[in-house]
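Down below is the structure, laid out as structure tokens.
Every number here is computed from the coordinates shown, using simple stated rules; none is lab data. Worth saying up front: this structure is predicted, and the values here are computed from it rather than measured. A quick note on method: Cβ atoms are made from the backbone with ideal geometry, for glycine too, and the neighbour counts reach across all protein chains shown.
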Amino acid sequence: MTDKLPFRIGQGYDIHRFSKGRRLVLGGVEIPSDRGLEGHSDADCLCHAIADAILGAAALPDIGHYFPPGDPATKDMDSLEIVRGAVREAAKLGYEVGNIDSTVIAREPKIAPYAAAMKEKLAQALGVTTGRVGIKATTNEGIGGLGRGEGVAAFAVAILFARK
Ligand SMILES: [Zn+2]
């Protein structure tokens with residue numbers, strides 16, 4: 001039996017807490033806000049969930065393995081670079097991204113006004129067309145810490161296909 005498959009599916013999840021005095025970046029897009037997300041990189045949880053979905057599809061370790069938190073090289077890093085890194089790792093195994101889908105959970109900010117710009121940025125980093133990038137959002141209906149607006153979380157799934 002071989003590990004090589006025509007298609008491979010992966011899922012990713014990430015969450016970051018809000019913090020005063022940080023830039024708010026989601027899906028590679030900076031959103032005007034009086035607070036951003038706490039983290040070692042730019043804390044873009046949508047990018048992190050997508051990168052983990054790609055790495056997971058390839059059965060590779062998660063983004064912490066490739067971009068260790070605490071590494072000076074990843075401090076305030078543009079997380080689109082982490083997405084590009086995941087695509088590169090999958091490519092080394094002979095896979096490319098088919099499409100991705102994602103859900104952002106946030107009481108704020110509103111995602112819809114930025115979704116088109118996020119799709120642009122993510123599609124570029126993923127090396128696919130914008131029509132292969134799904135971004136959906138929910139407020140969590142006031143339930144729990146996410147519902148109270150304490151942070152932002154994201155889920156993503158990715159499908160990879162074997163290069164011809
Ligand atoms: Zn993260």
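For this structure, a couple of remarks:
- Förster radius 35 Å - calculated FRET efficiency between ARG163 and ALA112 (Cβ-Cβ, nearest 0.05): 0.50
- Taking the C-alpha atoms only, the angle from helix 80-92 to the longest principal axis of the chain is near 10 degrees.
- Measuring r between the beta carbons of THR129 and GLU81 and using R0 = 30 Å, the FRET efficiency lands at 0.90.
- For region 10-31, there are no residues whose amide N sits under 15 Å from a probe point set 7 Å from the Cα of ALA73 along the beta carbon direction.
- A simple packing score, the average count of other Cβ atoms within 10 Å per residue, orders the peptides 63-70, 47-54 as 47-54, 63-70, with the highest score first.
- Pairs with C-alpha atoms separated by more than 27 Å, drawn from the list LYS92/LYS119; LYS4/LYS119; LYS20/LYS121; LYS75/LYS119; LYS92/LYS121; LYS75/LYS164, are LYS4/LYS119; LYS75/LYS164.
- Charged-residue dipole, Cβ positions (Lys, Arg, Asp, Glu), region 1-134 about Cα centre, Debye nearest 20: 200
- Based on C-alpha pairs under 8 angstrom that are at least 6 apart in sequence, the chain has a relative contact order of 32 percent.
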